[in-house]
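Trainee: I'd like to ask you about the structure that follows.
Since every read-out is calculated from the coordinates, none of them should be taken as a lab result. Bear in mind the structure is a predicted one, so any value in this text is a computation, not a measurement. Cβ coordinates were reconstructed from backbone atoms using ideal geometry, including for glycine residues, and neighbour counts include every protein chain displayed.
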């Protein structure tokens, strides 16, 4: 029976940059366990002849030719940036937050 | 903070090093891995981006066929198996160099795996097992703003996404054992070998100074003879051949000091400092599961047909080893000359110089004795020095024609590096050509004889060796622009 511990949920939340309170962790960990159990029950139905699927369509080798197409202008590219400096995206200090 | 180091010899007496090298190669495709943005190096910031490589909602990636072809060719050149079916995967992490908050990579299904290659160090061959070569995309380029200019102590960072999405191939070795004291040299030779191989394939510019070939160095030590593997560190972004050698040497000495002091090595990434030649602690290495890899749902699997793979195999260029053997025989180089040429990254440069008309030994002499020193002094790769094989051949042609001597030729190289034009233009502008005007030469010889009567008498008495002093005086008056052999002949004629 799959079960996800409170610590694992806290770790995943940290990796996903989701700030969870102790109460939320208490609440979410058992819920996620139930969801995992439900999903696992599907594995029980699938026989050895049903391989795991990652894509809905049975396609392979969808390629494009190596041809340059027009890019956005820098103004367009930077239009959604909260802060811009020297035609670059300005972001808060990185270290201390590095994965 | 200064690290305690054990001497390299003491370290190797007590421990066996295990190396692992991860090399990232930027492919030289015209467009990015998953979108049509250009990949030109040095373009103005954020001029080569689009919704796909900026990770904007709804943008859909499509794989660049040429990048897949290059990946397969690299795999084949490294004697790898080519996957019959493989997928891309998302490597999830939060770091502003990837605006998507994940890097599209490959995880447990690399396109190429289980290969090998061989490198030579001091006449000995080392077999390097290749774990895998997989496809991924490059990240954006961050500039750290703050008092230090480095990531440490930065107030904020500025990001340019021109590089984000450029196709990368990551080539990973299995642990390389049994190199002992040669570990730094084997690491360096492997990277040099890869560079040569990739250049031959024509799949990358492999310019380390521009970051199109980047190396992470894994190193661990185990007690000598134990046959085990110790805890490894991964030193990131070691981006010159010399630094690869230095970084391995430094980490061997640092690990040995930690272990012999009874401590244990922390599994972590290390930052390499080019200026001081040391590594410093980076971050604790994330477990792979922390990246929460999962198959990329927006890209369908890649399933190279065996026909395609075999046609690519058939089109592979001559492997570096065979090529070196062929060129060595054709040029008549000794083993040492050949090794120095390869080691200096000059093989193709020498080959092209010879193709442009220079004699093999002359081509070798200029690239290795003169230009390699200049490249070393300025800290750039020989190929990036700014002198072309055609120019070297042209300078040598002027020497062969008697218009330049070696000393004057070196001044022509000064001019080439200063961007003063073609060799012929520099000779003209700097007035470097050898003076073959017999009148001017004769007058200079007469002056030298008149100024040095004692020396002239000795020569008249048959002490021909004394002529050197007069030749020196003539060369000085002619500002070096004379053929020393002709000067000698004139002196002896006049004093016989």
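Trainee: I'd like to compare B:443-450, A:30-37, B:261-268: which one has the highest average count of other Cβ atoms within 10 Å, and what's the full order after that?
Mentor: The most tightly packed comes first, giving B:443-450, A:30-37, B:261-268.
Trainee: Label-point separation (nm) for residue B:40 and residue B:388, each offset 7 Å from Cα along Cα-to-Cβ?
Mentor: 1.9 nm
Trainee: Over all residues in A:51-64, what is the mean tally of Cβ atoms on other chains that come within 10 Å of each residue's Cβ?
Mentor: Working: counts 0, 1, 1, 8, 8, 2, 1, 2, 3, 9, 10, 7, 10, 10.
Counting Cβ atoms of other protein chains within 10 Å of each residue's Cβ and averaging gives 5.
Trainee: Multiplying the sequence separation of residue B:210 and residue B:95 by 0.36 nm and subtracting their Cα-Cα distance, what value in nm do you get?
Mentor: On the way: separation 115, 0.36 × 115 = 41.40 nm, distance 2.21 nm.
In short, 39.2 nm is gained.
Trainee: With a Förster radius of 51 Å, plug the Cβ-Cβ distance of residue B:10 and residue B:440 into 1/(1 + (r/R0)^6) and report the FRET value to the nearest 0.05.
Mentor: In this case the efficiency is close to 0.20.
Trainee: A further question follows. When all alpha-carbon pairs of segment A:1-82 are counted, what percent fall beyond 23 Å?
Mentor: Working: 1998 of 3321 pairs.
Everything past 23 Å amounts to 60 percent.
Trainee: Compute the FRET efficiency between residue B:275 and residue B:174 as 1/(1 + (r/R0)^6), taking r as their Cβ-Cβ distance and R0 = 51 Å, and round to the nearest 0.05.
Mentor: Working: r = 32 Å, r/R0 = 0.63.
Plugging the Cβ-Cβ distance into 1/(1 + (r/R0)^6) gives 0.95.
Trainee: May I ask what percent, to the nearest 5, of DSSP beta bridges between residues of the protein assembly as shown are antiparallel? Mind showing how you got there, number by number?
Mentor: Numbers: 64 of 69 bridges.
Expressed as a percentage, antiparallel bridges in the protein assembly as shown total about 95.
Trainee: Expressed as an acute angle from 0 to 90° and rounded to the nearest 10, what is the orientation of the C-alpha long axis of helix B:467-477 relative to the principal long axis of chain B?
Mentor: Taking Cα atoms only, the helix is inclined about 70 degrees.
Trainee: Further, regarding this structure: Do me a favour and compute the ellipsoid semi-axes for the protein assembly as shown from its Cα gyration tensor, root of five times each eigenvalue, largest one first, whole Å. Provide the component values of the computation, followed by the final result.
Mentor: Values: eigenvalues 660, 150, 125 Å².
Result for the protein assembly as shown: semi-axes of 57, 27, 25 Å.
Trainee: Mind giving me the FRET efficiency for residue A:21 and residue B:369? R0 is 45 Å, r the Cβ-Cβ distance, nearest 0.05 is fine. The partial results should precede the final answer.
Mentor: Numbers: r = 70 Å, r/R0 = 1.56.
FRET efficiency, residue A:21 to residue B:369: 0.05.
Trainee: Next question. Quick one, can you get me the convex hull of the C-alpha atoms of chain B expressed as volume per residue in Å³?
Mentor: Numbers: hull volume 100.1 nm³, N = 496.
Dividing the Cα hull volume of chain B by its residue count gives 202 Å³.
Trainee: Further, regarding this structure: Treat the count of other C-beta atoms within 10 Å as a stand-in for reagent exposure and order A:63, B:333, A:89 from fewest to most. Present the calculation step by step, with values, prior to reporting the outcome.
Mentor: Numbers: A:63 15, B:333 19, A:89 24.
Result, fewest neighbours first: A:63, B:333, A:89.
Trainee: Quick one: what Rg and Dmax do you get for segment B:438-495 from the alpha carbons, in Å?
Mentor: 10.0, 29
Trainee: Still on this structure: Please give the Cα centre distance for segment B:120-189 versus segment B:1-62, rounded to the nearest Å.
Mentor: So the two Cα centres are separated by 6 Å.
Trainee: Ok, one more. Using the 10 angstrom Cβ neighbour count as an exposure proxy, how do B:272, B:116, B:366, B:331 rank, fewest first? Numbers along the way, then the final one.
Mentor: On the way: B:272 24, B:116 13, B:366 28, B:331 18.
Taking fewest neighbouring Cβ atoms as first place, the list is B:116, B:331, B:272, B:366.
Trainee: How many nm is it between the label spots at residue A:65 and residue A:14, if each spot is 7 Å from the Cα in line with the beta carbon?
Mentor: Using points 7 Å along Cα→Cβ, the separation is 5.1 nm.
Trainee: Taking neighbour Cβ counts within 10 Å as the exposure measure, how do B:32, B:463, B:458 sort from fewest upward?
Mentor: Working: B:32 31, B:463 11, B:458 18.
Final ranking by Cβ density, sparse to dense: B:463, B:458, B:32.
Trainee: Additional query: Tell me, in nm to one decimal, what length is gained between residue B:494 and residue B:155 on full extension, where the rule is 0.36 nm per residue of separation less the Cα-Cα distance?
Mentor: Values: separation 339, 0.36 × 339 = 122.04 nm, distance 7.69 nm.
Extending this stretch completely gives an extra 114.4 nm.
Trainee: Using the basic label-point model (7 angstrom from Cα toward the beta carbon), what is the residue B:334 to residue B:457 distance in nanometres?
Mentor: Result: 4.5 nm between the two label points.
Trainee: So what is the orientation-averaged projected area of segment B:11-110, using the convex hull of its C-alpha atoms, in nm²?
Mentor: Numbers: hull surface 40.1 nm².
Mean shadow area of the hull around the Cα atoms is 10.0 nm².
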